[in-house]
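Only one structure is covered here, and it is reproduced in the block below.
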Amino acid sequence: MKGLRHSPSSSSVPPSSSPPLASSWIHLRSLLIVASATIPDRGSLRSPWSRRKRKHALSYRHWHRLLSPEGKFHDGGIKFIKKVRSGGVDPSIRAEVWPFLLGVYDLNSSHAERTLTGNQIRKKYESLRRKCHQLLSQCRKENRLNTIDEGGNSVSSCFNEDCEFHDSQDDTSARTSCTVTEGNLYNFKVDQLLHSGSDEFSLCNFEEIEDETEVTHFDNYPWGTESSTSESSDEDETESLLGSSISDMLVQHDPKLTRFPSIRGDFSQYNRTSEDFVTWQRIIRLDAIRANSDWVVYSPNLASVTKEKALQSAISVGLKNYDQLDPCMIYHAARMVAVLEAYAVYDPEIGYCQGMSDLLTPILAVIKEDHEAFWCFVGFMRKARHNFRLDEVGIQRQLSTVSKIIKCKDLHLYKHLEKLQAQDCFFVYRMVLVLLRRELTFDQTMSMWEVMWADQAAIRSGIGKSAREIMRLRAPPTDDLLLYAVAACVLQRRKLIIERYNSMDEIVTECNSMAGTLDVWRLLDDAHDLVTSLHQKI
């Protein structure tokens, strides 16, 4: 029997074709090796936002798989943090997830513990609202006493020696001096920056504040008539029972803050008076009425609020001049007044500054209960409160950090900024102040903040301290992710800035024109590239 012959199919390929095919494969492989060598080496740290198409937001199904039947995270929250850092949170579960990200509920808590905490923080919030009522009532009494001099003659009321509220509408400087003279934060240069590109946002435009002769009071609140003894006992009970997720977090962040510092209205610690609270209240009202409506589509339940409910809420906080607003906007404005006033009492060192309402709006759109929204805002302000310090130390530190990031990453761009005397990065003031709220859409803002909060939650919980945990998280969490994102915004436009712009005003205009044009996930990817390469140098 003769040997087997090759089949026609196997003999149809000429032997001479093999070498060229092998040669082509070798050539292609060599090209791939060369190409891979040109990719910047990020070491073992990879951006959690890389290959975005393969990433998804934390879904309802995945969220509940992370929790045990008792409501605890199976791994202490590591997978939860990792997932949020890579894709944000699905809108359907934001109300459940945000209190964890913002420290209202501990990552190691169970359902039962969170229920107990929820009851405690409700009492705490109601105590703060009672304190608001007491401050306003006190100031109204003092105001009436000040209208009569020693001779029994009627005189113009004066809240304090730095701030007089006259009846004359021509003297606007007297009405604004109490706030404008408190620090360098309120100056014309800042006002120009924050007004440019948006008529609704301002920091110093107080001329529209009503010249009211009576202080608003809250007699309609059900807790307004409770005794001080009852209030004190509730406060002591709340203070002793509340966990460390909020109070200790604030103490750790700022040692000057005592545990729940302002629950008893200790304004004297920061040279604050009830008159300061009245000033804050008036600015809060103005900002609440002028709030943007871009949140409505993300809160359909509030969008369908009845007119009766809206009016009742407005009356309960003494809100006025809302005739032009829809019911949902009236209700939103009333909630904003209540929460911001409570925060001014909670943190009298900061009180209230315009811009804080921008930070609160997304929280109110997501969180239905006022007391939970308030504590989410407190958790948010743990870091953001330093943006609103009157001495500007916090904002200057952050602008300096942005400047260092740009200098380390792109020295040529930094030298151009030096030439324009813009190396202090003051042109990104608004971005830092309200955390890119004016540059991103409402939905993009929430995604950006969720990723940022996840980083802060990781640091707060001690996640990512070891090299192994960093590998699991794919990158080191940072408390300053926002600043890297702001620097990324500038670096993305480096060519335009270097080739076309010859003054800081032109750069400011360019920064303000970014609104609505940014890709939030590309921005996060670029920001994380900066974190992985520069975090040890900054």
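The values are calculated or read from the model by the stated rules, or taken from the named source; none is laboratory data. If you're wondering where the values come from, they're calculated on a predicted model, not measured in any experiment. Methodologically, a virtual Cβ is constructed for each residue, glycine included, from the backbone with ideal geometry; neighbour enumeration extends over all protein chains shown. Note: areas computed on protein heavy atoms with side chains; ligands, DNA, RNA excluded. Shrake-Rupley method; radii C 1.70, N 1.55, O 1.52, S 1.80 Å.
If you go through segment 428-440 one residue at a time, do you hit one that is surrounded by fewer than 20 Cβ atoms within 10 Å (Cβ to Cβ) and not in a loop (DSSP other than H, G, I, E, B)?
No: segment 428-440 contains no residue that is surrounded by fewer than 20 Cβ atoms within 10 Å (Cβ to Cβ) and not in a loop (DSSP other than H, G, I, E, B).
Pairs under 7 Å by beta carbon, first residue closer than 19 Å to E372 by Cβ and modelled with pLDDT under 95 in segment 327-353, partner open to solvent by 10 Å² or more (accessible area, probe 1.4 Å) and acidic (D, E), six or more apart or different chains?
Within 7 Å, no pair qualifies.
Which residue, of S109, S137, S92, is among the polar types (S, T, N, Q), in a helix (DSSP H, G or I) and more than 26 Å from P348 (Cβ to Cβ)?
S92
When you go through V490, V508, V531 one by one, which is the residue that is modelled with pLDDT of 95 or more and touching a helix residue (DSSP H, G or I) at 6+ places or on another chain (Cβ under 7 Å)?
V490
Search segment 104-123 for residues that are farther than 26 Å from K82 by Cβ and pair each with any residue that is open to solvent by less than 10 Å² (accessible area, probe 1.4 Å) when their beta-carbon atoms are under 6 Å apart and the residues are at least 6 apart or on different chains.
Taking only residues 6 or more apart or on different chains, the pairs are Q120/T238; I121/W375; K123/T238.
Results for (1) touching a Ser or Thr at 6+ places or on another chain (Cβ under 9 Å); (2) surrounded by fewer than 23 Cβ atoms within 10 Å (Cβ to Cβ); (3) part of a helix (DSSP H, G or I), shown as yes or no for each residue.
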site	(1), (2), (3)
E275	no, yes, yes
A291	yes, yes, no
S313	no, yes, yes
H332	yes, no, yes
G351	yes, no, no
K368	yes, yes, no
F380	no, no, yes
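Evaluate the following for A454: is it at pLDDT 95 or above, closer than 24 Å to S86 by Cα and open to solvent by less than 20 Å² (accessible area, probe 1.4 Å)? Give the steps one after another, and end with the answer.
Working: at pLDDT 95 or above: yes; closer than 24 Å to S86 by Cα: yes; open to solvent by less than 20 Å² (accessible area, probe 1.4 Å): yes.
Taking the combined requirement at face value, the residue satisfies it.
For V402, state whether it is surrounded by 21 or more Cβ atoms within 10 Å (Cβ to Cβ), more than 29 Å from S137 (Cα to Cα) and at pLDDT 95 or above.
Considered against the rule, which asks whether it is surrounded by 21 or more Cβ atoms within 10 Å (Cβ to Cβ), more than 29 Å from S137 (Cα to Cα) and at pLDDT 95 or above, V402 comes out as yes.
Condition test on L135, is it closer than 30 Å to R272 by Cα and either over 20 Å from the mean Cα position of the chain (by Cα) or open to solvent by 10 Å² or more (accessible area, probe 1.4 Å) (or both)?
Numbers: closer than 30 Å to R272 by Cα: yes; either over 20 Å from the mean Cα position of the chain (by Cα) or open to solvent by 10 Å² or more (accessible area, probe 1.4 Å) (or both): yes.
Yes.
Go through segment 293-306 and give me each residue that's more than 20 Å from the chain's Cα centre (by Cα), open to solvent by less than 30 Å² (accessible area, probe 1.4 Å) and modelled with pLDDT of 85 or more.
Passing the criteria: only V305.
Starting from segment 395-408, keep only residues that are closer than 21 Å to M381 by Cβ, then list their pairs with residues that are acidic (D, E) whose Cβ atoms are within a distance under 7 Å, requiring at least 6 positions of separation or different chains.
What qualifies is L399/D424; T401/D480.
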